[in-house]
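Novice: First the structure, then my questions, so here it is.
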Amino acid sequence: MLKNVATIGVWTAGSRVLGFLRDILIAAQLGTGPVADAFFVALKLPNLFRRLFGEGAFNAAFVPAFTASLAGEGAGPARRLAEEVASVMVVWLGFLTLLGLLLMPLLMHLLAPGFAADPAKFALSVALSRLTFPYLMLICLSALLSGVLNGINRFAAAAATPVVFNLALIGALVLVPRALMPRGQALAVGVTVSGMAQLGLLAIALARGGMALSLRAPRLTEGVRLVLRRMGPGIVGAGVTQINVAVDTIIASLLPAGTVSVLYYADRVNQLPLGTIGTAVATALLPLLARQVRAAAITELRATLNQAIALTLALTLPAALALMLLAEPIMLALFRHGALSGAAAAKSAAALAAYAIGLPAFVLAKVFSPGFFARGDTKTPVKIGVIAVFLNLVLNLALMHPLGYLGPPLATSLAAFFNAGALAWLLARTGHFRPDRALFARIGRIFAASLAMVLLLVFTRAMLRAALPGFGADPLGAIALLAALIPLGLLSYAAAGLMFGAFNRDFLRATLARRRPQGRG
């Protein structure tokens, strides 16, 4: 599991780094103006489906069924199941894409109702959304191919495809002349082009893995019905975090102009640890848990979950504290360029701190959900998901006026804690999750090591500012400050973790070497 998590995490981290470069370019050229708001809303709908299908509902429904067929019946029947599902998906995704293109103005009223007050901004959002919407079909089919690759324990190709998305958008900004196409339209076209490239690369990877797929006549076979039954509720259950972010966008569109962009930039930074750690752990965990459920290895399943929780918290707790502490220099260094003002960067920093509060809960929810999906239960997470979405909406409405732009990210974080806590409690009731003393002891040591890191960073930052007044208050100074504090934070956390016993040397060495530890990790 550790090796697969590291493989997925490395590729995801590379994609996130390119994503930062992409967003730095967008911030420099578009800032937080109407074109930026329109593009980010146009990206929100297909991106929501990407995260729901690529990282959530589809994997939750398809991977256990494909893994069970592969283990119980062999490669032939498993391939046939994948081809049957693909054929049905092509038909209904094509219909959904056509419907979305026709009804885009109505969808925009639902997704960003506040834009209706500005007809030009609303029209631009509709036009850009029509250019990005075909990405929905392409990325959902890519999710199917990724699920097949994950089911045969080939994680690298699927994890690498998001790199293509970021390269396509960077290319649209850098290579497409302004005289040929405005920046907003170029970015929107780049989104759809990236979907074509991702689908093609995954098809090549499947052929190399001996699992090339062909389209069949679409039929609702029993295997297809099973996947669809599980996928329906799983869309909400696995995508609670993304639905909450969509709610944030709706609320943000009702707040002052630029709020959508401010929250987007903050969420992009928060997505680095969330995507790198959460997606990697959940993707690697699901096939393993599915095999343990099929073998009725409950003791091993409990141990796997406890190990995944310890690994998740060892990575996310210090990351969350560091993001809260260093939010201001991070946003200055990344986005205080070109059209993005200092005031907007400061607002994004405060929003990032609010998102970071819920980071451990966001990722833990991704750890607990596969515990249900592995045994075919997508109904329980959806019940919790509906309550969490409703709670997020209520908190958004309650906090939007007293806290303004900070209301949506704080509401999302609080809803994430409810979601993760409820999933853990219900999974424990089924007997599939049983936290032991070793896990609680490990969590306490991880917290102690994280606190030691924070204290050292606070002291060092104060000393630097006392010696060099104003240090870190501009983009170049912020980069220098981060260059000093980030390595110090990593080294101090590793040293404190070893000293307090949060992890041992074998675990640390194995993580860095991307192999399984020899001792207890």
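The values are calculated or read from the model by the stated rules, or taken from the named source; none is laboratory data. Bear in mind that the values here come from a model prediction, so they are computed numbers and not experimental data. Virtual Cβ from ideal backbone geometry, glycine too; neighbours counted across all protein chains shown. Just so you know, the surface numbers come from the protein's heavy atoms only, side chains and all, with ligands and any DNA or RNA stripped out. Shrake-Rupley method; radii C 1.70, N 1.55, O 1.52, S 1.80 Å.
Novice: Among the numbered conditions (1) open to solvent by 30 Å² or more (accessible area, probe 1.4 Å); (2) modelled with pLDDT of 85 or more, tell me where Leu464 comes up short.
Specialist: Unmet for Leu464, out of (1) open to solvent by 30 Å² or more (accessible area, probe 1.4 Å); (2) modelled with pLDDT of 85 or more: (2).
Matching residues to (1) modelled with pLDDT of 80 or more; (2) within 23 Å of the chain's Cα centre (by Cα); (3) surrounded by fewer than 19 Cβ atoms within 10 Å (Cβ to Cβ):
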| position | (1), (2), (3) |
| --- | --- |
| Ala27 | no, yes, no |
| Leu43 | yes, yes, no |
| Ala57 | no, yes, no |
| Leu70 | yes, no, no |
| Gly74 | yes, no, yes |
| Val85 | yes, no, no |
| Trp92 | yes, no, yes |
| Leu106 | yes, no, yes |
| Ala127 | yes, no, yes |
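Novice: Taking the stated definitions as given, is Val367 under 17 Å from the mean Cα position of the chain (by Cα), under 30 Å from Ser69 (Cβ atoms), among the β-branched types (Val, Ile, Thr) and assigned to a helix (DSSP H, G or I)?
Specialist: Answer is yes for this residue.
Novice: Answer yes or no as to whether Ala388 is open to solvent by less than 30 Å² (accessible area, probe 1.4 Å) and modelled with pLDDT of 90 or more.
Specialist: No, not satisfied.
Novice: Could you tell me whether Met453 is within 22 Å of Gly278 (Cβ to Cβ) and in a helix (DSSP H, G or I)?
Specialist: yes
Quick grid of which residues meet (1) modelled with pLDDT under 80; (2) surrounded by 20 or more Cβ atoms within 10 Å (Cβ to Cβ):
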residue	(1), (2)
Gln307	no, no
Ala327	no, yes
Ala333	yes, yes
Lys366	no, yes
Ala374	yes, yes
Val382	yes, yes
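Novice: Continuing with the same structure: Could you check the range 200-214 and list, in sequence order, the residues that are open to solvent by 20 Å² or more (accessible area, probe 1.4 Å), in contact (Cβ under 8 Å) with a residue 12 or more places away in the chain and either under 14 Å from Arg79 (Cβ atoms) or part of a loop (DSSP other than H, G, I, E, B) (or both)?
Specialist: Ala203, Gly209, Gly210, Leu213, Ser214
Residue-wise test of (1) modelled with pLDDT of 85 or more; (2) farther than 30 Å from Leu263 by Cβ.
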| site | (1), (2) |
| --- | --- |
| Pro46 | no, no |
| Met89 | yes, yes |
| Phe95 | yes, yes |
| Leu99 | yes, no |
| Gly114 | no, no |
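Novice: Inspect the range 176-199 for any residue being under 20 Å from Gly14 (Cα atoms), in contact with a Gly (Cβ under 7 Å, 6 or more places away or on another chain) and surrounded by fewer than 22 Cβ atoms within 10 Å (Cβ to Cβ) and give the result as yes or no.
Specialist: Checked the range 176-199: no residue is under 20 Å from Gly14 (Cα atoms), in contact with a Gly (Cβ under 7 Å, 6 or more places away or on another chain) and surrounded by fewer than 22 Cβ atoms within 10 Å (Cβ to Cβ).
Novice: Restricting the range 407-456 to residues that are in contact with a Ser or Thr (Cβ under 7 Å, 6 or more places away or on another chain) and crowded, with 22+ Cβ neighbours inside 10 Å, which is modelled with the highest pLDDT?
Specialist: Out of the qualifying residues, it is Met453.
Novice: Of the residues that sit in the range 151-174 and are farther than 18 Å from Phe20 by Cα and more than 18 Å from the chain's Cα centre (by Cα), which one is surrounded by the most Cβ atoms within 10 Å (Cβ to Cβ)?
Specialist: So, considering only residues that are farther than 18 Å from Phe20 by Cα and more than 18 Å from the chain's Cα centre (by Cα), the one surrounded by the most Cβ atoms within 10 Å (Cβ to Cβ) is Gly151.
Let's see how each residue does on (1) part of a helix (DSSP H, G or I); (2) β-branched (Val, Ile, Thr):
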position: Leu274; (1), (2): yes, no
position: Ile277; (1), (2): yes, yes
position: Val281; (1), (2): yes, yes
position: Ala284; (1), (2): yes, no
position: Ala296; (1), (2): no, no
position: Thr299; (1), (2): yes, yes
position: Thr312; (1), (2): yes, yes
position: Ala320; (1), (2): yes, no
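Novice: Find the helices (runs of 4 or more DSSP H) located wholly in the range 106-191 whose residues include 1 or more that are touching a residue at least 40 places away in the same chain (Cβ under 8 Å) and over 30 Å from Pro77 (Cα atoms), and list them.
Specialist: By residue number, 119-132, 156-175.
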